[in-house]
Structures are given as C-alpha cells and as structure tokens.
C-alpha cells in the first residue's frame, strides 16, 4: 500500500472511530484517494472546539505546489446539491497541482437536526456502489440548543447596515465575517474566515440552492436566484469568464450577479471583502425550497433531479478552476471531478463510495 492510500485509510478509520464514540452528529463521508489530510475547523479557531459547529475539513493536496481553493457545502444543509457535490468531490477528485480544501458541512449543527418545515425526512436512503447510504437533509440554521440563547426579535448585522428576521442570527450566511466573541454562529463564520487567511486561499465557492424558477414566477418577482453565480466585485472578471466557458463547453446557462453592497453577512460579499480570496456563491433550483410544495422530492424530482443540480455545481467548480488558471500564474490542476454529462448518464449514486 502506498503512502497516499495509507493516509486515506487512516483518515477513514479515524472518522469511523469519531462517529462511533462522539455524542456529536457526524455525517457519512468516505474519502477517496485524493484526500491527503483531515482537520477540524477548530484547528483554525479554538473558540469553537468541543461545540456542535466544529466541522470536518478535508485537505486535498497535489504533488506540486500551486493555487489554493476552498469549496464549501452545507451552509444550509437542506440545500442538498451543495452538500452532495462537496462529498462527491471528496470521494472522487484528485489534485495534481495546488490544494483544494473542502468543508462538506459548513454548519454541522444545522445538519444535526431535521428541516424544521417537516417536509423532508432528516435522512434520505440512497443505493451506492457499496450499498445503502443516507444523505442528510438538515435545517437552515444552527440548532437553537447549540446556540444557547433565544433569537432576538430583529437580528442586526454587526455592521449596523442590515437587519434580518430574528432567527437569521443563527444563519451562517448572514453572520460573516463573524466575531471572535460573538454568538456560536458568529464564531463559526469567524473560524471560516480564519481558515481562509491561514491557508492563503486564492478563491472560494459556497454552494447553495434556491427555489425553482416556477416558484419565483408565482411570486411575480424579478428576483430569481435559481441558476446563478454571485461574485464579489473583485472576482467579477473571473466569474464572467467562468460562466462564458460553462455555456460554450456544456450549453448550461447560469446567470452572473455581483454582490450587492447591502448584502451584509453573506459569504460572497464578506469573505471577499475581509480576505484576499476571490469569493463566489452558486445557486441551483431545489424543489424542496419551494414554499408551495407539500411533499417535495429533493432527489428524484422529474424536472430538477439531484443529479442535474450536482452536475451544475461541479461544472461551476471546474469552470472556476479553469478560469483561475487562465487569469493567474499560479495554477490548480484537478482530475476526476464528475462531469455533468456523466452524472446525468450514471446518476449521482455512482459517485458515492
């Protein structure tokens, strides 16, 4: 057994031990040959150690040095394509040059509880090449029992520029850049910012899902996030190039949006503003996000199946990597990222170990 495979085996054994003996929630992730190291987010900020927001961080380093990319899923664990795309990357991709850091469940506390709307089961069975596994469909916000305080009537972002509903104080994607001495969710955001700075992350993607296009039409809204890539202003050139290449190479059309200056607390704005990393957020349409649907199927919906949404997320990942390589001297080379066409042909199940 070579050294790289031995490291992967040891990581998997460690993960199994932790999941068996820890009282904390731990999703089923089975690292592939591309994983070279395993950390906890608390390694970057001890302030979240021994809390339920501390989350696994997978390091995938190539043999040659190069650019560093952070891929995040599970900010909102009910947005299934983001988490499963991140897991599929961990279980299949191999980095040849540079480094990819993957956080499949950015808010592990939110993943540890079922979606509070009650529309979808917490654990979704799926048949993979190794047998039955379960995907996690969690809630949008940190478990209030982990947060340890009641929601305010109104959540005011620390910048004092933006107000949200009170329970959004537990939404990771309203808390960036976070605070060292803030609430637990704020500390979680602070830890991710610390990771980006410590690892000198060159660019990052936070994968999300939104309502379907039909649901936006029902609301008579001009605002439609269902197929989109949101870019921090300083990342706009790279985002434009990535989405042009996506359409040219795959025929997939994803619209580009620039971060609104009043989007305080959101990853694409705040990470880009508080670090040197080029920051992006992707959105695919998830029928389970539609308020009008009572029994949505987040995996096998006839129009928006999970394989379609994961395929788009991973194609965006590939196009961002390609665009970064075109614009900058330092390179990132990654092999074996599942493609959209392969996912549509073989299903997402074929890419889960």
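Derivation of every value follows stated rules applied to the coordinates shown; laboratory data play no part. Keep in mind that this is a model prediction, so the values were computed, not measured. FYI the Cβ positions are ideal-geometry reconstructions off the backbone, even for glycines, and counts take in every protein chain you see.
Once the Cβ-Cβ distance between residue 65 and residue 349 is put in as r, and R0 is 56 Å, what FRET efficiency do you end up with, to the nearest 0.05? Calculated value: 0.95.
For the range 146-280, the relative contact order is 27 percent, taking Cα pairs closer than 8 Å that sit 6 or more residues apart in sequence and dividing their mean separation by the residue count.
Listed from fewest to most Cβ neighbours within 10 Å, the set 307, 293 follows the order 293, 307. For the range 46-124, the square roots of the Cα gyration tensor eigenvalues, ordered a ≥ b ≥ c, give a/c of at least 1.5 with a/b no greater than b/c, which places it in the oblate category. Cα centroids of the range 63-90 and the range 197-215: 9 Å apart. A P(r) calculated from all alpha carbon pairs of the chain, with 20 Å bins opening at zero, reads 32, 63, 5 percent. For the range 91-236, the square roots a ≥ b ≥ c of the C-alpha gyration tensor eigenvalues yield an a/c under 1.5, which makes the shape rounded. Neighbour counts of other Cβ atoms within 10 Å put 258, 209 in the fewest-to-most order 258, 209. Rounded to the nearest 500, the 222 nm mean residue ellipticity of the chain from helices alone is -10000 deg cm²/dmol, with -39,500 (n - 2.57) taken per DSSP H run of at least 4 residues. Annotation: extensible slack from residue 258 through residue 134 equals 41.1 nm (criterion: 0.36 nm per residue apart, minus Cα-Cα distance). Shown for 274, 346, 44, 223: other C-beta atoms within 10 Å of each C-beta, ranked fewest to most, produce the order 223, 346, 274, 44. Between 130, 109, 61, the Gaussian network model of the chain with springs among Cα atoms under 10 angstrom shows the greatest mean-square fluctuation at 130. Length available on full extension from residue 165 to residue 145: 0.36 nm per residue minus the Cα-Cα distance, which gives 5.4 nm.
Taking label positions 7 Å along the Cα-Cβ direction at both residue 326 and residue 249, the computed distance is 0.9 nm, reported to one decimal. Classify the range 223-353: rounded, prolate or oblate, from the alpha-carbon gyration tensor (a ≥ b ≥ c, eigenvalue square roots; a/c under 1.5 rounded; otherwise prolate if a/b is larger than b/c)? Cα axes put the range 223-353 in the oblate bin.
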